Amino acid sequence: MISRVLHFFICIYFVQIAVAQPKKVWSKLFGGDGTELCFGANKLNDSLFALIGNSNSVSLGTKGLTDGIIGIVNKKGTLRSLKTFGGPQLDQFNGIDLLPGGRLICVGQNNASGGDVPANYGLIDGFLLSYDPIANTKTWAKTFGGGNNDQISDVKYLEPGKIIFVGSTKSSNQDIPTNVGGSFDAFVSTIDEAGNLVRVKMFAGSKDDFAKRIAKINEGSFYVGGETTTNNDGAFLGLANKGKKDVFLFKLNRNSNQLSLFMVGGPGDDILVDMATTKDDGVVIVLNVNTAGGDIDSLVGGKDIFVMRFDNVGKLLWKKMIGGTKDDEAVAAKLNDVGELLITATSNSIDKDIKGNYGDKDVMLFKLNDNGMLISSTNYGGSRGEAAGSIVSDGTNTFLISSAFSTNNDLPSTNVGGDFWITNLFECSTSGTKDLVDLCFGDSINIHGTIFHAGNSNGRIVLSGAAQFGCDSIIDVELNLLQPTTGLIRDTFCHDATTTINNVLFDKNKTTHTFNLDNSLGCDSTLMVDLFFDPLIVVTDSMLKSDNGNFNGYVHITPGGGVPPYSFEWSNGSRTIDLDNVKFGTYTVTITDSINCVRAFSFIVKSSVNVLDSKKELIHVVQNSNEIIIQSDQELSSIALYSINSQKPLVANFRRQNEYVVSKIGLVSGVYFLELVTSDGKKAIRKIIMTSDH
């Protein structure tokens, strides 16, 4: 089963992860003798992440009322370091990002110099600190602001030489170039990696404007989001405010020049909580709202969570209201690796979209899919109240960071309250592993109690609690239906041949058969056999001419049957269809057709000269082991011995009166013809059989 591990870090209140069927793997508490609150977190590498916020714990070395705090934790929940930075008054970190080389840039606020704070220009100033998480030391610290109140809300590394940070200010001196009408103005500022100020740009109208979040886009551009009460003037000229605070969204290039701007809101205070860039360079924003109207849909209860997604030109794609009948407030949001939106919130409700509450404020984790559908809603905490913090997601792991005060339910009884609470949750998958099963058409199979067949070829099986950490094991079954196979054997054989297929004998009287078998996959297979036995090879016509003693006999044939074309081989070595210019004797032809069927035929070429009746004329032929002896009462003018395959004769030798001999030395077994010619021209032919023991 494909599942993802979601780790949630609970900084002070509680942590939860928004996932279908989240299962708790472990939870840890970290802190001092006071209270630690979590305001942000960021991934460092494949094994570590950082969390930030503030702390008033003396045991952690705070230098004033509250200090900014940085914690480094590994994915197994082991605390690597927990260190405070600040001065003699109130200090905290609001934003964090990772720089090339592994350093962290943390931003927030201070209101007095001393300790780690190099200066204070008046009231509250912005505070920037570069931190080495491996050495657990700061590399530099800077104050940003003027003589009035200044606050930095977020920071993002953009590209070499450009670290963007945003916030709000009422100052008009020191680092702040101007102020419009004495109200809070939004600013977008740039520093380099050494903390040197590169530029400050103001985005303000005649009333209060607050820049709060940054979301990076490809190719060096970025979104800046916040809230404004300005109506149709200054940086917001042409945009009407629909009530009190509306949410604005600037799109800026790498030099902080404006590319586009739009506003959304209703008649009440609409607060930007977080935002994230989508894969299509659009943006999803998460708001806390308390009044319906304008762009804000009907509320579920008191304070609700409102999510809007826009494409890269500012067109609204979808919006979603989340909540119960009491107050529910989002704190942070993050897109995971598959484009799902994770939102952590603090909730008082126990109805509608809120599925549980332990008695006070619980931490909620919501998950929305890419189309804005709420997939899951899970609460964590105890009876004394918790506070949501931040989320870190690195693909397969999600760390939810909050703060916890309770000593029951999800919290241990040893909790002294107000510590970072880190909970590691395993996100059970809502998708199943695909199981492709081969099955013969017409068969059925039982998979975990479900019968699958051709009429029910796919389905989902859920095995409750059978997967890792007690998650459901989900199997999506799909049948690969194997169709019956049909085969055909068609071949041609010689007329009198036989062949055996699957133990069945085929011949010219048995030429067809159908076999019902199993194929290599074990499914039904039909094998049809259709054989052809060719007609018998025959000689349909022949013409023979006798030899007149001058080797002018011939045999002409017309073959038929079998499968033409034919090849011929005569006993005298000739390979033509007709045999010409041969002497008298017996000749055998072997005919082979195109499928190598063979049949032999013999023909006798006669002699057309006068024939001596050897019996009447008292001619005697006898053999011994070495010679053939011919005795005749007539004078013989010639005696010749011919092999059936040769026209070259062996001539007899005269031994004595009326007796002749032919030597057999060197002769092989076979058929020979003895030709006898008398002095008056008469001929006699005697057939001689020569055996191996001659």
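Any residue that is at pLDDT below 90 and out of contact with any strand residue (DSSP E or B) (no Cβ under 8 Å at 6 or more places or on another chain) - is there at least one of those in the range 416-425? Working first, answer last.
Here is the first cut: in the range 416-425, the ones at pLDDT below 90 are 416-418, 422-425.
If we keep only those that are out of contact with any strand residue (DSSP E or B) (no Cβ under 8 Å at 6 or more places or on another chain) too, we end up with 416.
Yes, some residue in the range 416-425 is at pLDDT below 90 and out of contact with any strand residue (DSSP E or B) (no Cβ under 8 Å at 6 or more places or on another chain).
Can you spot a residue in the range 367-378 that is over 35 Å from the mean Cα position of the chain (by Cα), surrounded by 15 or more Cβ atoms within 10 Å (Cβ to Cβ) and in contact (Cβ under 8 Å) with a residue 40 or more places away in the chain?
Pass one, the range 367-378, residues over 35 Å from the mean Cα position of the chain (by Cα): none.
Within the range 367-378, none of the residues are over 35 Å from the mean Cα position of the chain (by Cα), surrounded by 15 or more Cβ atoms within 10 Å (Cβ to Cβ) and in contact (Cβ under 8 Å) with a residue 40 or more places away in the chain.
To keep it simple, each residue is scored yes or no on (1) crowded, with 22+ Cβ neighbours inside 10 Å; (2) at pLDDT 95 or above; (3) under 17 Å from Phe144 (Cβ atoms).
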{"residue": "Phe187", "(1), (2), (3)": "yes, yes, yes"}
{"residue": "Val198", "(1), (2), (3)": "no, yes, yes"}
{"residue": "Phe203", "(1), (2), (3)": "yes, yes, yes"}
{"residue": "Asp208", "(1), (2), (3)": "no, yes, no"}
{"residue": "Ile214", "(1), (2), (3)": "yes, yes, yes"}
{"residue": "Gly220", "(1), (2), (3)": "no, no, no"}
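Going by the conditions given, is Asn516 over 21 Å from Arg490 (Cα atoms), surrounded by fewer than 13 Cβ atoms within 10 Å (Cβ to Cβ) and either out of contact with any helix residue (DSSP H, G or I) (no Cβ under 7 Å at 6 or more places or on another chain) or not assigned by TED's automatic domain parsing to the domain that holds Ala497 (or both)? Talk me through it step by step, then tell me what you get.
Values: over 21 Å from Arg490 (Cα atoms): no; surrounded by fewer than 13 Cβ atoms within 10 Å (Cβ to Cβ): yes; either out of contact with any helix residue (DSSP H, G or I) (no Cβ under 7 Å at 6 or more places or on another chain) or not assigned by TED's automatic domain parsing to the domain that holds Ala497 (or both): yes.
No; evaluated as a whole, the condition is false for this residue.
So, in the range 396-434, how many residues would count as being β-branched (Val, Ile, Thr) and closer than 21 Å to Thr84 by Cα?
Taking the range 396-434 and keeping what is β-branched (Val, Ile, Thr), we get 396, 398, 401, 407, 414, 416, 422-423, 430, 433.
Those still in the list that are closer than 21 Å to Thr84 by Cα too: 401, 416, 422.
Residues meeting the conditions: 3.
Take Gln657 and tell me if it is surrounded by fewer than 15 Cβ atoms within 10 Å (Cβ to Cβ), at pLDDT below 75 and closer than 30 Å to Glu569 by Cβ. So that I can check it myself, show each step before the final result.
Working: surrounded by fewer than 15 Cβ atoms within 10 Å (Cβ to Cβ): yes; at pLDDT below 75: yes; closer than 30 Å to Glu569 by Cβ: no.
Taking the combined requirement at face value, the residue does not satisfy it.
Do any strands (runs of 3 or more DSSP E) lying entirely in the range 239-353 carry at least 2 residues that are out of contact with any helix residue (DSSP H, G or I) (no Cβ under 8 Å at 6 or more places or on another chain), in contact (Cβ under 8 Å) with a residue 12 or more places away in the chain and small (Gly, Ala, Ser), and which ones are they?
Working: elements: 246-252, 258-264, 271-277, 283-289, 304-310, 316-322, 328-335, 341-347.
Strands (runs of 3 or more DSSP E) meeting the threshold: 328-335, 341-347.
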- Message: For the range 154-173, give me each residue that is surrounded by fewer than 24 Cβ atoms within 10 Å (Cβ to Cβ), under 22 Å from Ile105 (Cα atoms) and polar (S, T, N, Q).
- Response: Ser168
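Listed here are the residues, each with its yes/no results for (1) surrounded by 13 or more Cβ atoms within 10 Å (Cβ to Cβ); (2) outside the structural domain of Gly562 (by TED's automatic domain parsing); (3) assigned to a loop (DSSP other than H, G, I, E, B).
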{"site": "Val462", "(1), (2), (3)": "no, yes, no"}
{"site": "Asp476", "(1), (2), (3)": "yes, yes, no"}
{"site": "Ile489", "(1), (2), (3)": "yes, yes, no"}
{"site": "Ala497", "(1), (2), (3)": "yes, yes, yes"}
{"site": "Val529", "(1), (2), (3)": "yes, yes, no"}
- Query: Is it the case that some residue within the range 128-136 is among the hydroxyl-bearing types (Ser, Thr, Tyr), over 43 Å from the mean Cα position of the chain (by Cα) and closer than 29 Å to Ser171 by Cα?
  - Reply: no
- Query: List, please: which pairs have Cβ atoms under 6 Å, are six or more places apart or on different chains, and start with a residue in the range 432-457 that is on the phi < 0 side of the Ramachandran plot and end with one that is loosely packed, with under 13 Cβ neighbours inside 10 Å and polar (S, T, N, Q)?
  - Reply: Leu436/Asn480; Asp438/Asn480; Phe441/Gln483
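Of the residues that make up the range 36-49, is at least one over 28 Å from Ser153 (Cβ atoms), modelled with pLDDT under 95, assigned by TED's automatic domain parsing to the domain that holds Leu365 and within 35 Å of the chain's Cα centre (by Cα)? Give the steps one after another, and end with the answer.
The first filter runs over the range 36-49 and keeps only residues over 28 Å from Ser153 (Cβ atoms), leaving 46-47.
Still in the list and also modelled with pLDDT under 95: 46-47.
Add one more test, that the residue is assigned by TED's automatic domain parsing to the domain that holds Leu365, and what stays is 46-47.
Now restrict to residues that are within 35 Å of the chain's Cα centre (by Cα): 46-47.
Looking through the range 36-49, at least one residue is over 28 Å from Ser153 (Cβ atoms), modelled with pLDDT under 95, assigned by TED's automatic domain parsing to the domain that holds Leu365 and within 35 Å of the chain's Cα centre (by Cα).
Counting just the residues of the range 556-590 that are hydroxyl-bearing (Ser, Thr, Tyr) and outside any loop (DSSP other than H, G, I, E, B), which one comes out nearest to the chain's Cα centre (by Cα)? Talk me through it step by step, then tell me what you get.
Keep residues of the range 556-590 that are hydroxyl-bearing (Ser, Thr, Tyr), which gives 558, 566-567, 571, 574, 576, 586-588, 590.
Next cut, outside any loop (DSSP other than H, G, I, E, B) only: 558, 567, 586-588, 590.
Details: Thr558: 69, Ser567: 61, Thr586: 79, Tyr587: 76, Thr588: 72, Thr590: 66 Å.
So, considering only residues that are hydroxyl-bearing (Ser, Thr, Tyr) and outside any loop (DSSP other than H, G, I, E, B), the one nearest to the chain's Cα centre (by Cα) is Ser567.
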- Task: Within the range 110-120, identify whether any single residue is assigned to a strand (DSSP E or B) and on the phi > 0 side of the Ramachandran plot, and answer yes or no.
- Result: yes
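Condition first: among the charged types (D, E, K, R) and in a loop (DSSP other than H, G, I, E, B). Now tell me which residues in the range 20-79 satisfy that.
Asp33, Asp46, Lys63, Lys75, Lys76
Quick one: which residue in Lys320, Lys251 is within 25 Å of Arg199 (Cβ to Cβ) and basic (Lys, Arg)? Reasoning before the result, please.
Working: Lys320 fails: within 25 Å of Arg199 (Cβ to Cβ).
Testing whether each residue is within 25 Å of Arg199 (Cβ to Cβ) and basic (Lys, Arg) leaves just Lys251.
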- Message: buried (at least 18 other Cβ atoms within 10 Å of the Cβ), outside any strand (DSSP E or B), touching a residue at least 24 places away in the same chain (Cβ under 8 Å) and on the phi < 0 side of the Ramachandran plot: is that true of Leu411 in this structure?
- Response: yes
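The values are calculated or read from the model by the stated rules, or taken from the named source; none is laboratory data. In this text the structure is predicted, and so the values were computed from the model without any measurement. Note that we place each Cβ from the backbone using ideal geometry, even for glycine, and neighbour counts take in every protein chain shown.
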